Amino acid sequence: MPLFSRKKKPSDDARKRLEYQMCLAKEAGADDTLDISRCELSEVPYGAFATCKVLQKKVLIIHTNNLSSLVPKSCSLLSLITVKVLDLHDNQLTSLPADIGQLTALQVLNLERNLLKSLPQSIGDLAQLQVLNVKDNKLRELPGTVSGLRSLQALDVSGNALQELPRLLAHVRTLQTLTLDASSMTYPCPDICSAGTEAIQQFLCKECGIAYYPPSEYVLPTLESDTGGTAVDGVDRTVEKYLEKENEWQNKFLDYEKRKEKKAQEKLEFERRLNVGQREQALLTQQLNSHKDEILQTVREEQQRLEEGLSKHQRYLEEERLKLLQQLKDTEQGIASRIQKLLEDNQRQKRSSDILKSLENERIRMEQLMVITQEETEQLRRREVASAMQQMLAETYKNKLLQMSSESRRQDLVSQACSSLAEMDQKFQQILAWQQLGQNKAVSQILQQIEMQKAAFEALQVKKDLMHRQIRNQIKLIETELLQLTQLELKRQELDTETLQEAVTEQRRALGCLLQQLLKEKKQREEELQQILLEMEAKSETKQENYWLIQYQRLLNQKPLSLKLQEKGLEQQLVTILIELSADHYVPVFAHHRISLDTLGSMTASDLEKLGVTEAGLQRAILRRAQEILAVATTTPELPRAEDTAVPAAPEPSAPLEEPPSPAGPTAPPLPWDQSKSECVVCMEQEVR
């Protein structure tokens with residue numbers, strides 16, 4: 001026997017049969033049977049397991065093959081969890097998987113004519129198994145777990161080396177047919193075995209010490225629990241059912257043979273079409289060859305033309321090369337003449353360099369003489385410096401001694417002072433802690449006083465007052481104009497333009513008068529605000545507490561004057577629409593964006609969402625109402641428009657919340673001038689800080 005035996009490849013017919021059966025099982029409307037018998041298989045293909053798992057096949061027929069194992073390495077037995085009938089007869093199986101008990105739905109298991117030597121212990125977990133056929137194998141004993149086959153009705157163990165039956169087989173109360181070789185049995189004895197299934201079961205029940213009951217009393221409950229309440233009348237009914245299944249399988253096999261003949265006819269038709277296609281392909285190939293010859297002839301002619309053109313181009317390039325060589329010769333002659341001139345110039349430079357060297361030697365000699373005199377002066381200077389350094393070191397040493405003595409006395413004083421300061425620090429810490437507590441209490445009381453509230457309200461009122469802010473902005477504008485005029489005057493002074501200087505001076509005088517007037521108005525407005533505060537203070541004495549806090553909050557909550565003016569200009573019909581739809585809080589938004597009724601009629605829901613109206617239902621309602629009003633206005637143009645109706649003016653606040661728009665820039669021409677060099681616009685003397 002060779003060490004490495006090759007697996008025998010299946011024949012073409014077997015391979016075609018396998019492919020056909022796999023395709024047939026996957027067709028739409030196919031039955032629950034997968035038949036891959038007589039396919040010369042050495043192992044079950046992975047596709048069979050996948051098909052049973054995905055399509056939930058209930059009958060798997062794999063007989064008459066060369067199988068040595070049921071489950072290959074890359075597959076799992078759980079893929080056959082839905083299989084009820086498993087036919088494996090006429091194979092070469094030596095053992096079953098140890099986890100065969102996972103096939104809990106299995107009802108018929110046919111293992112006839114294999115090489116099985118034993119059955120796994122998990123076979124007792126097949127609670128729904130009704131038919132077990134292990135005929136013509138090499139079994140020597142049955143496992144004791146066969147007692148768990150509570151639905152087993154037919155058991156065939158003939159053609160094996162079996163001599164004893166397990167005593168626990170008496171617990172299989174549904175067993176109706178037991179086929180074995182009575183002559184080779186030792187337990188029970190051959191006489192009992194030849195008497196039939198009932199005698200064997202009675203003997204085993206007697207050995208186990210349990211009462212014997214005929215299978216007819218147990219078949220009905222077992223089938224009811226397995227099939228959901230189907231009534232079966234005894235053993236004959238079960239046998240008839242099994243025979244009906246056999247007939248059904250035979251009918252299916254006949255149908256399969258018919259389909260096989262039909263497929264053979266289809267195959268012949270396909271081969272005929274294939275031959276026709278091959279003839280057409282040969283004709284096309286012949287045409288392609290002729291076309292190919294024509295293309296080759298054309299390519300040859302094109303190649304000859306290219307070669308002729310290439311030879312002409314090579315001759316042209318040769319002529320150009322000769323011309324370039326002649327030009328190079330002429331260039332080399334010119335370069336040789338220029339090199340000769342350069343050599344002559346080099347000779348002249350060498351003679352001039354000799355003269356320069358002699359002059360340089362003379363200069364070096366004079367410098368050496370000067371160095372000698374400098375060295376003497378340096379020695380004298382070093383002596384003077386050394387004596388001065390000695391005197392300085394002596395004085396430094398004396399000072400160091402005095403410093404050390406004073407340092408020692410100071411350290412003594414510091415140590416004494418530190419001890420006293422430590423005591424004082426502890427006392428000061430206690431005093432500071434008390435003061436901090438008192439200070440915190442005082443601060444909390446001060447924050448609650450009416451005067452602080454009054455001061456905060458006064459500061460906010462001055463900041464929010466519209467007239468006061470306008471005066472400040474005008475003052476800033478005039479100061480900017482004066483500053484630019486000053487820069488212009490300084491620039492014109494450098495250019496000596498007297499006529500323009502007089503005009504600028506006149507402008508400065510007018511702006512100065514205007515600035516003084518604005519400063520007076522600012523002071524007058526501040527006095528008016530102070531008078532208003534005094535009147536409010538007189539009123540606060542007769543009203544509730546926290547008067548100034550309430551006034552401060554009211555001032556903050558007032559709408560800006562600009563926003564109220566925008567709301568005043570909003571169309572009344574648009575305001576009415578928003579109020580009716582309970583969207584009056586969007587009135588400031590529409591006023592800020594200056595949305596009119598005509599503009600709203602041309603807008604979409606996305607435009608309203610950009611404005612801030614996020615509710616989809618409200619968007620559609622606003623647009624629908626606006627379109628209705630516009631439609632009515634177009635049909636009856638004599639109706640007054642909303643913009644003609646009077647809108648009641650809201651009371652203007654004394655102090656707006658928002659800053660008014662900044663005034664226009666200065667009219668004087670700006671000049672690029674250094675600010676640090678310009679004088680003050682008031683005194684005209686000091687520089688601006």
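The values are calculated or read from the model by the stated rules, or taken from the named source; none is laboratory data. Bear in mind that the values here come from a model prediction, so they are computed numbers and not experimental data. Note that each Cβ is placed from the backbone with ideal geometry, even for glycine, and that neighbours are counted across all protein chains shown. Surface areas here come from the heavy atoms of the whole protein model, side chains and all, with no ligands, DNA or RNA. Shrake-Rupley method; radii C 1.70, N 1.55, O 1.52, S 1.80 Å.
Descriptive notes on the structure:
- Selection from the range 124-137 of residues that are within 17 Å of L103 (Cβ to Cβ), open to solvent by 20 Å² or more (accessible area, probe 1.4 Å) and touching a strand residue (DSSP E or B) at 6+ places or on another chain (Cβ under 8 Å): Q130, V131, N133
- Filter result for the condition that a residue is touching a strand residue (DSSP E or B) at 6+ places or on another chain (Cβ under 6 Å) and at pLDDT below 85, over A25, A30: A25
- Qualifying residue in the range 138-153 (condition: open to solvent by 60 Å² or more (accessible area, probe 1.4 Å), in contact (Cβ under 8 Å) with a residue 60 or more places away in the chain and charged (D, E, K, R)): yes
- Residue tally, condition in contact with a helix residue (DSSP H, G or I) (Cβ under 8 Å, 6 or more places away or on another chain), modelled with pLDDT of 85 or more and open to solvent by less than 60 Å² (accessible area, probe 1.4 Å), over the range 620-648: 5
- The residue list L380, L324, L393 contains one member that is assigned to a helix (DSSP H, G or I) and at pLDDT 80 or above, which is L324.
- Residue list for the range 26-48, restricted to those being of a type outside the set (S, T, Y) and not in a loop (DSSP other than H, G, I, E, B): K26, L34, D35, G47, A48
To keep it simple, each residue is scored yes or no on (1) outside any loop (DSSP other than H, G, I, E, B); (2) among the basic types (K, R); (3) closer than 24 Å to D125 by Cβ; (4) not assigned by the TED database to the domain that holds Y213.
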site	(1), (2), (3), (4)
L139	no, no, yes, no
L152	no, no, yes, no
L155	yes, no, yes, no
S194	yes, no, no, no
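- Filtering the range 305-321 to residues that are among the hydrophobic types (A, V, I, L, M, F, W, C) and either open to solvent by 100 Å² or more (accessible area, probe 1.4 Å) or within 60 Å of the chain's Cα centre (by Cα) (or both) leaves only L306.
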